[in-house]
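Taking it in order: structure first as structure tokens, then the write-up.
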Amino acid sequence: MSFVEHDGATIWYDIQGEGEPLAVIGGDCMASDQFHFVLPALIQRFRLVRWDFRGLGNSDRNPQVHRYVIDEKVEDMKAVLDAAGIERTHIWAIATGTYTGVTFAARYPERVGAIIHYGQCQPTEGGFKIFGILDRIHKEFDWPTACEHMVHLYAPKPEFMDWTIAVYVKNTNADWLKSYWDELNADITEELRQTTAPMLVLIGAQGPLGAGTSYGSGWETTKACRPDAELEVVEGGTGTYYMVDQADEAVQKVTAFLERHPLGAGAAGADLQGN
């Protein structure tokens with residue numbers, strides 16, 4: 001586990017495993033914990049880079065500078081990769097992490113091999129409704145109560161419910177809503193058009209964040225912006241939590257895609273240096 005100082009914040013990151021680099025970006029509330037259940041398998045195949053947004057998780061919870069915007073997260077990610085000596089990496093982004101992953105891939109195409117993301121790329125009516133509910137709950141009660149209601153709204157499978165609530169409470173505070181509001185209002189379709197990396201939309205089928213919902217409908221937008229993008233649905237998985245409740249299948253789909261789109265021999269020397 002390591003830290004990098006960047007633009008008024010201390011950003012936590014962790015690198016494990018051998019192989020081609022794979023930088024994972026969790027949703028704001030789950031942060032790097034979203035990849036907890038796929039971690040053992042991933043580090044057998046990849047040099048896995050986990051990191052947390054400033055103000056969340058293991059990163060500086062009270063940074064001197066915090067703009068709560070996607071651009072800030074993109075530049076923090078660049079700082080992490082620079083500190084780790086990684087010139088080029090694959091990206092797996094999930095939930096609101098999609099905004100950071102896609103924007104990074106558009107801004108720094110030379111640093112991205114292939115990208116896997118959730119498909120969330122435009123404002124959605126459901127997202128605004130959830131924001132309103134959470135904002136009201138945390139103001140009238142407290143943040144842990146808001147977290148509990150948020151997890152129930154997103155509906156991971158019952159056996160993972162208590163674990164997910166605990167992760168939300170551990171990683172966040174009410175200031176997170178500022179970042180969520182920025183992402184809810186974001187439209188990254190132009191960034192999608194600018195990306196050149198091989199792209200896979202990976203999404204769970206079930207629940208209010210599943211493939212058939214307004215969140216999951218981002219696949220259609222992605223396809224319009226990137227006709228060559230691929231789609232994989234984890235049929236038994238819950239929306240953005242498929243790497244929690246269907247960890248083995250998620251890793252299989254990710255590994256198969258990245259094996260078809262290797263970084264290439266030209267970048268291997270630089271990519272495998274650093275911590």
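A short reminder: the numbers here are calculations on the coordinates, not readings from a lab. In this text, all values refer to a predicted model and were calculated from it rather than measured experimentally. Every residue, glycine as well, gets a Cβ built from its backbone with ideal geometry; the counts of neighbours run over all protein chains shown.
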Legend entry - When residues of segment 43-54 are limited to those that are closer than 14 Å to I94 by Cβ and among the charged types (D, E, K, R), the one surrounded by the fewest Cβ atoms within 10 Å (Cβ to Cβ): D52
Inset, instruction - Give the residue that is surrounded by the fewest Cβ atoms within 10 Å (Cβ to Cβ), with candidates limited to residues of segment 122-146 that are in a loop (DSSP other than H, G, I, E, B) and in contact (Cβ under 8 Å) with a residue 12 or more places away in the chain. - result: P123
Inset, instruction - Return yes when G55 is out of contact with any strand residue (DSSP E or B) (no Cβ under 7 Å at 6 or more places or on another chain), closer than 17 Å to Y118 by Cβ and either assigned to a loop (DSSP other than H, G, I, E, B) or of a type in the set (S, T, N, Q) (or both) and no when it is not. - result: no
Inset, instruction - Give the residue that is nearest to the chain's Cα centre (by Cα), with candidates limited to residues of segment 71-88 that are among the acidic types (D, E) and farther than 14 Å from I25 by Cβ. - result: D71
Inset, instruction - May I ask you to list the residues in segment 228-260 that are part of a strand (DSSP E or B) and in contact with an Asp or Glu (Cβ under 9 Å, 6 or more places away or on another chain)? - result: V234, E235, G236, G237, T238
Legend entry - Filter result for L200 (buried (at least 18 other Cβ atoms within 10 Å of the Cβ), in contact with a helix residue (DSSP H, G or I) (Cβ under 9 Å, 6 or more places away or on another chain) and more than 16 Å from T100 (Cβ to Cβ)): yes
Inset, instruction - Check G85, G17, G57, G27 and return the single one that is within 23 Å of A250 (Cβ to Cβ), surrounded by fewer than 21 Cβ atoms within 10 Å (Cβ to Cβ) and not aromatic (F, W, Y). - result: G17
Legend entry - Positions within segment 200-239 being among the acidic types (D, E) and under 15 Å from I94 (Cβ atoms), in sequence order: E232
Legend entry - Unique match (being touching a residue at least 60 places away in the same chain (Cβ under 8 Å) and not polar (S, T, N, Q)) among D60, D71, D14, D7: D7
Legend entry - In segment 205-253, the residues that are among the small types (G, A, S), closer than 13 Å to F37 by Cβ and in contact with a Phe, Trp or Tyr (Cβ under 8 Å, 6 or more places away or on another chain): A247, A250
Inset, instruction - Give the residue that is nearest to the chain's Cα centre (by Cα), with candidates limited to residues of segment 150-161 that are part of a helix (DSSP H, G or I) and more than 14 Å from W176 (Cβ to Cβ). - result: Y154
